[in-house]
Structures are given as C-alpha cells and as structure tokens.
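The values are calculated or read from the model by the stated rules, or taken from the named source; none is laboratory data. Fair warning: this is a prediction, and the values are worked out from it, not measured in the lab. When we count neighbours, we look across all protein chains shown, and the Cβ atoms used for this are built from the backbone with ideal geometry, even at glycine.
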Amino acid sequence: MLRLQLPTDPRWVNLTEISLEAILTDHAYCEQKAATSCISLIQQFPDKERLVEELAPIVTEEWGHFRLVLGELKKRNLTLGRQRKDEYVNLLRNFMIKGGSREDRLLENLLVCALIEARSCERFRVLSLHISDDKLKDFYHKFMVAEAAHYTLFIELARHYAGKEKANKRWAEYLQYEKEIMNELEIRGDRIH
C-alpha cells in the first residue's frame, strides 16, 4: 500500500530499545511537527476548501498523538528531551521543486507530508511487530493505523488538486529519491525517521 522502495532495516528496532526515552522524545516531536505542518498548509491555502476541511481534524489528532506520547513518557518515568534536527525531513524538503505556481508548491508540500506519514506508518508497523515491550506493540499499532490514514489523505489531496497523472508522476520521483535517502542515512535508534 505504501509503495516505499526500501523497508526499514530490522536492526533499527533493537537500536530503539537502547533508549526508549530518546525514541519516544523523537516521536513526540514528530507528532508536534505533523500538527504544525497541517496548520501551515491551512494558512497557506485557505482557499482550498477540501484541504481546510480535511486537515483541520488532523491537526487535532496529531496534537492528541503528541499528548499520548507525553503520557507514555510519564508512565515510564521518562522525560521529554530536546528536539533534534530531522535530517530525513530536511533531505525530503531539499528535493522539493522551488518556485513554480502556487498549485505546484501545494503539490510538493502534500507529497512531502504523504511521504513522511508513509515512512512513519512503516516504522510504527515495525515497532508494533518487533519491539519486545508488549504494551508498546499495542501503542505503536494504533499509531500505524492513524499514519496510514494520513498518508492516504495527503495522496488523495495531491491528486485532487494537481490531477492524478501529475501527482502520480511526481510521487514516483519522491519514492525513488526517498529510497536513496534511506540507503544513505545512518541507522539510528533515537529517531523515527
């Protein structure tokens, strides 16, 4: 369904278990940034009625996810650490076509959001299947389901506003580029991406 070209290295789960505080901290900030990205899209494209209507509830959901991760940290007597630079997301943003029409910029933003959600979904699936803590397996399964829905929504919005052919062509380019990123990035257990 996700069409990602390169699966997560299975060793990643073992690395995440070295410091649950670090991976939960990164996860919390990913949820916060997802909410912020939706707000930003609404602010930049308030005339896109479907986008506004469909992303407004996602803002609330993502912020709720942030709070759920904070709750998980607290239950485990862990603390929220400092936010770190997300190299994966920055590399995706570097691939965005700059300039162009307003509609072209919308397409680029929607596809980057879709890809982040797709990779998050895939990572949460890996955690839900392989992390040794059974409570975290259930915890991450719920996030996997939510991220899959968000990924689907961003792809649908891209196709709605840019047309299916144009959106699909650019999506294929993003998928290939993302594969290259995943091949080059260091496998780190303190990052969702």
Subject >> segment 81-116, subset basic (Lys, Arg) and over 20 Å from ALA35 (Cβ atoms), residue surrounded by the most Cβ atoms within 10 Å (Cβ to Cβ) >> reply: ARG105
Original post:
What are the residue pairs meeting all of these: first residue in segment 28-41, first residue farther than 18 Å from GLY71 by Cα and in contact (Cβ under 8 Å) with a residue 40 or more places away in the chain, second residue basic (Lys, Arg) and surrounded by fewer than 23 Cβ atoms within 10 Å (Cβ to Cβ), Cβ atoms under 9 Å, and 6 or more apart or on different chains?
Top reply: LEU41/LYS48
Original post:
With (1) of a type outside the set (A, V, I, L, M, F, W, C); (2) touching a Ser or Thr at 6+ places or on another chain (Cβ under 6 Å); (3) surrounded by fewer than 17 Cβ atoms within 10 Å (Cβ to Cβ) as the list, and GLU186 as the residue in question, which single condition is left unmet?
Top reply: (2)
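Being assigned to a loop (DSSP other than H, G, I, E, B) and at negative phi is the requirement here; does GLY100 meet it?
The answer is no for GLY100.
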Original post:
Out of (1) modelled with pLDDT of 95 or more; (2) touching an Asp or Glu at 6+ places or on another chain (Cβ under 9 Å); (3) surrounded by fewer than 15 Cβ atoms within 10 Å (Cβ to Cβ); (4) not hydroxyl-bearing (Ser, Thr, Tyr), the odd one out for ALA172 is which?
Top reply: (2)
**OP:** Just need a number here: residues in segment 173-191 that are within 15 Å of THR16 (Cβ to Cβ) and either among the β-branched types (Val, Ile, Thr) or in contact with a Phe, Trp or Tyr (Cβ under 6 Å, 6 or more places away or on another chain) (or both).
**Re:** 1
Original post:
Taking TYR29 and the conditions (1) touching a helix residue (DSSP H, G or I) at 6+ places or on another chain (Cβ under 6 Å); (2) within 20 Å of TYR140 (Cα to Cα); (3) surrounded by 17 or more Cβ atoms within 10 Å (Cβ to Cβ), which numbered condition does it fall short on, given that it satisfies the others?
Top reply: (1)
Original post:
Which residue pairs have Cβ atoms under 7 Å apart, sit 6 or more places apart or on different chains, and have a first residue in segment 77-104 that is in contact (Cβ under 8 Å) with a residue 60 or more places away in the chain and a second that is in a loop (DSSP other than H, G, I, E, B) and not aliphatic (A, V, I, L, M)?
Top reply: ASP86/HIS193; TYR88/HIS193; VAL89/HIS193
